[in-house]
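Coordinate-derived values only; no laboratory data. It should be emphasised that the depicted structure is a prediction, and the values quoted were computed from it without experimental measurement. Counting neighbours? That spans all protein chains shown, and the Cβs are built from the backbone with ideal geometry, glycine included.
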Amino acid sequence: MARIACLVLSLLISSHAFAVRQTWLEPEFVKRAFLEVALKNEYSSGDKPLVKWHQPIKIWVEHRVGDIELHEQLTNAHIEHLRQITSHPIERVSKREQANVIWIYTKESLWRQDIKREIGPHALKHIRGAICKAGYRVSVQDSQIIKASVIIPVDQSRTHGKLLACVVEEITQVLGLPNDSELAYPSIFNDQTPDDLLSPLDVILLKLLYEPEMRSGMNKAQVTEQLDKLLVRYQQQGMLAEAVSLARSAPLHQLLR
């Protein structure tokens, strides 16, 4: 366990996000960030329909590399945090056929073939400069997410000091926040954010996405209307201010203790 603790410590960087401008307290900023991260996609232009899971998320993890205990700790800790934030059912399953999310810890030499098999050949067009990869499929009828994959080449991500970032960002994105944006800060969806864990802004974005009022398939006007109502409620109930404690309560933070 001592070795695991040392490995975790080497993966985590100091948290600077809470010292910057507290953007999650500003409803207009949160609204703009949500519209950018949830309704846009880094690989195509224009606004997209809102996507999210409606069915329970069932994750099967395959380990093709060593340090299994470390990867299990990171995986389980972040899944628990996402479940706490969204109140959406998310669980691990023991068999691949039970899963709608396939999560693979692999190595760089196998990365391309894993992406091609799990996400599809089209995804290979977008791996230039990427360190890890995730993708999801949606229902044609209502845009709800029905299947997803996360592929993390451990040797490649650790070489860049991004194993933790890959664990946190990729599974979070396949919940329905697909876009990286400079307009979201501090956020794991912004490469300039110094922290690899969910920021208070990320917590709010996830909570908003999994409110019952937010339905997959909604367009920008419909999403905006609901955001305005939800953010008034969040502000009145103190939920924006509570985002810091929700971010800091992440089980991943506890691994440092």
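Values for this structure:
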item	result
Highest-fluctuation residue, K125, K207, K40 considered, GNM on the chain with Cα pairs under 10 Å	K125
Relative contact order computed over the stretch 18-254 (Cα-Cα under 8 Å; 6+ residues apart), in percent	29 percent
D (Stokes-Einstein, µm²/s), Kirkwood Cα radius, the stretch 73-165, 0.890 mPa s at 25 °C	169 µm²/s
Residues whose placed amide H lies under 5 Å from that of K147, excluding near-sequence neighbours	R137
Antiparallel bridges, percent of DSSP beta bridges restricted to the chain (to nearest 5)	30 percent
Ratio of Rg to Rh over the stretch 190-233 (Cα coordinates, Kirkwood Rh, two decimals)	1.06
Proxy reagent accessibility, fewest Cβ within 10 Å first, across I119, I151, I127	I127, I119, I151
Unit charges at the beta carbon, dipole of the chain: most positive-side option, I127, V30, A241	I127
More than 22 Å apart - percent of Cα-Cα pairs taken over the stretch 118-257	46 percent
Scattering curve values for the chain, log₁₀ I(q)/I(0), Debye with Cα scatterers, q = 0.07, 0.12, 0.13, 0.16 Å⁻¹	-0.22, -0.68, -0.80, -1.27
Inter-label distance, nm, simple model (7 Å from Cα along the C-beta direction), H63/E80	1.7 nm
Long-range amide H partners of R92 with built H, under 5 Å	I59
Footprinting exposure proxy for S94, S216, S199 (fewest neighbouring C-beta atoms within 10 Å first)	S94, S216, S199
